[in-house]
Amino acid sequence: MAGTLYVIATPIGNLGDLSPRAAEILKRVAAVAAEDTRHTAPLLRHLGSTADLVSVHAHAPRRAIERVLHLLVAGQDVALVTDAGTPGVSDPGTAVVAAARARAVPVVTVPGPTAVAAALAVSGLPADRFVFLGFLPRKGAERRRLLQWIAASEWTVVLFESPLRAATLLDELAATCGAHRSATVARELTKVFEETRAGTLGELAGYYADVPPRGEVTVVVAGTGRPPALAPAVDPEARARALLADGMSRKDVADRLAAETGISRNAAYRLVNEL
């Protein structure tokens, strides 16, 4: 019989948040598939686990996943972990789970910490319905499209961001959503220097421009509380022809088309070049 793939949530900061069940499984599995083995190794040493470590990061070759599958098909249990929190949430663990399911390998969740739920819990913003967007693209039409989508969202939106880019994100959110939109910035959750700061996007953008944040950052943005107005569907070809007729370059037309219609940038470039 095949082994079991255990998808295990690990602490986002405080080791005391590791559940007894998660600790027991990490100590008895044959191997642990980790996003970053350098980050996971100290946790295994702390637990006294002798499990083999397998690196399965975002750019890992297919053979890394095949190694995990080989162990599972041979009947050995494997734990899947991410650097912090729940595997599959803004990390490459999804590929391992999908591959295991394709081989009919049992997959079991061992739930626990996640920065998404933790930040929502302390934000004071509605969480009966929310949207998680992870890390936004650093630049370009897709980033602009998602910022506009956040501005129109009926529901609370949760984002991850690097501390180096957090102030820029907040500034762009204030410009797109309005400086008076409520939001919360949670950083270093469960760690010694945990901080949760609530206010308007304008206030938060100003504060973190003067006091750059450190550590992991989660941004929670209030929704509008009302459904977005449904805009009439845009015909990509007709819109592209109109923009070209206005004298825009093909590159600019393709970028605008991707932002306005939601089609991929590659599809927009193909359409413009065909015209």
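Brief remarks follow.
- Judged by the gyration tensor of its Cα atoms, with axes a ≥ b ≥ c, segment 19-115 is rounded; a/c sits under the 1.5 cut.
- Positive dipole terminus of segment 116-221, leading residue within Leu164, Gly140, Ala186 (C-beta point charges): Gly140
- Amide H partners (placed H, <5 Å) of Gly199, local residues excluded: Ala183
- The structure-derived value of Rg and Dmax of the Cα atoms in Å appears in the list [x] 18.1, 54; [y] 17.2, 52; [z] 22.0, 68 under the label [z].
- Since only Asn266, Ala79, Leu125 are under comparison, the one whose Cα sits farthest along the positive direction of the charge dipole of the chain, derived from C-beta charges on Lys, Arg, Asp and Glu, is Asn266.
- Contact order relative to length of segment 236-275, as percent, for alpha carbon pairs under 8 angstrom and 6 or more apart: 41
- Taking 15 Å as the straight-line reach from the Cα of Lys27, the aspartates and glutamates in range (excluding those fewer than 8 positions away in the same chain) are Asp52, Asp77.
- Of the trypsin sites (Lys or Arg not before Pro) found in segment 181-275, the ones in coil according to DSSP and having at most 16 other Cβ atoms within 10 Å of their Cβ are Lys191, Arg214.
- Here segment 117-259 is treated with +1 on each Lys and Arg Cβ and -1 on each Asp and Glu Cβ, and its dipole about the Cα centre works out to around 320 debye.
- For segment 177-275, the relative contact order works out to 21 percent when only alpha carbon pairs closer than 8 Å and six or more residues apart are counted.
- Prolate/oblate/rounded label for segment 116-221 (Cα gyration tensor, a/c 1.5): rounded
- Selection from Trp155, Ile8, Val56 lying farthest towards where the dipole of the chain points positive, charges on Cβ: Val56
- Highest-MSF residue in the chain out of Ala198, Ala22, Ala233 [GNM, Cα springs under 10 Å]: Ala233
- Placing +1 on the Cβ of every Lys and Arg and -1 on the Cβ of every Asp and Glu, with no other charges, gives the chain a dipole of roughly 560 debye about its Cα centre.
- Cα-based reach from Lys251 at 27 Å (exclusive), listing lysines while leaving out same-chain residues under 8 positions away: Lys139
Where a number appears in this text, it was derived from the coordinates with a stated rule and is not lab data. Computed from a prediction, not measured in an experiment: that's the story for all the values here. When we count neighbours, we look across all protein chains shown, and the Cβ atoms used for this are built from the backbone with ideal geometry, even at glycine.
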